[in-house]
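Working notes for the structure below.
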Amino acid sequence: MEKILDIYKSTSVEDVTVWYEAAKVSDFPKDGGACVKYKEKQIAVFNFERKNEWYACQNVCPHKMEMVLSRGMIGDQNGIPKVACPLHKKTFSLENGENLNGDIAPIATYPVKIEGDIVYIGFSE
């Protein structure tokens, strides 16, 4: 199971070498998420319209190794944008992947940019 997590490594904007064209803005629910596939990775992308921000992270929850984070509820905790796993309610920062419950490993996060009507996710390769 740990092999699944090994493919997910956070990427900062400075480290982006590939901007992957994920989908159109209209393909994502407002104040919700959807999953896109990049090579062998499943990436959860969130349109946090209430904050006028976009976020991307691994789709796999490290708690039970289920590909479900894109279906999680988004909100904020003390000003930190977060996603809650829909199965186990573990919460993660959408900014840096930190587990806000403090009891499991963080998740990988990726930069997102919008150009025109297209959503791009940044990866380092």
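If the chain linking K113 and E49 were pulled fully straight, counting 0.36 nm for each residue of separation and taking away their Cα-Cα distance, it would gain 21.6 nm. Could you work out how far the C-alpha centroid of region 64-125 sits from that of region 1-46, in angstrom? So the separation of the two Cα centres works out to 10 Å. Electrostatic bookkeeping for A22 treats Lys and Arg as +1 and Asp and Glu as -1; over the other residues with beta carbon under 15 Å from its beta carbon, the sum is +1.
Kirkwood radius for region 1-42, taken over all pairs of different Cα atoms as the inverse mean of 1/r, rounds to 12.7 Å.
Leaving out ligands, DNA and RNA, and with a 1.4 Å probe, what % of the accessible surface on the chain is carbon or sulfur? That fraction is 47 percent. Counting 0.36 nm for each residue step from T17 to K3 and taking away their Cα separation leaves a gain of 2.7 nm.
Using a simple charge model, +1 on the beta-carbon of Lys and Arg, -1 on the beta-carbon of Asp and Glu, nothing else, what dipole does the chain show about its Cα centre, in debye to the nearest 20?
Numbers: 15 positive and 18 negative charges, 85 e Å.
Roughly 400 debye for the chain.
Among residues other than Y55 with Cβ under 10 Å from its Cβ, the summed charge is 0 (Lys and Arg +1, Asp and Glu -1).
In this simple spin-label model, placing a label point 7 Å from the Cα along the Cα-to-Cβ direction at both N99 and M73 gives a separation of 2.1 nm. So for the chain, considering every pair of alpha-carbon atoms, how many percent are separated by more than 24 Å? Looking at the chain, the distances longer than 24 Å represent 18 percent of pairs. Projecting the Cα atoms of C35, P81, V68 onto the charge dipole of the chain (Cβ charges, centred on the Cα centre) puts V68 farthest toward the positive pole.
The values are calculated or read from the model by the stated rules, or taken from the named source; none is laboratory data. Note that the structure is a prediction, hence the values are computed from the model and not measured. Here the Cβ is made from the backbone with ideal geometry for all residues, glycine too, and neighbour counts use every protein chain on show. Note: areas computed on protein heavy atoms with side chains; ligands, DNA, RNA excluded. Shrake-Rupley method; radii C 1.70, N 1.55, O 1.52, S 1.80 Å.
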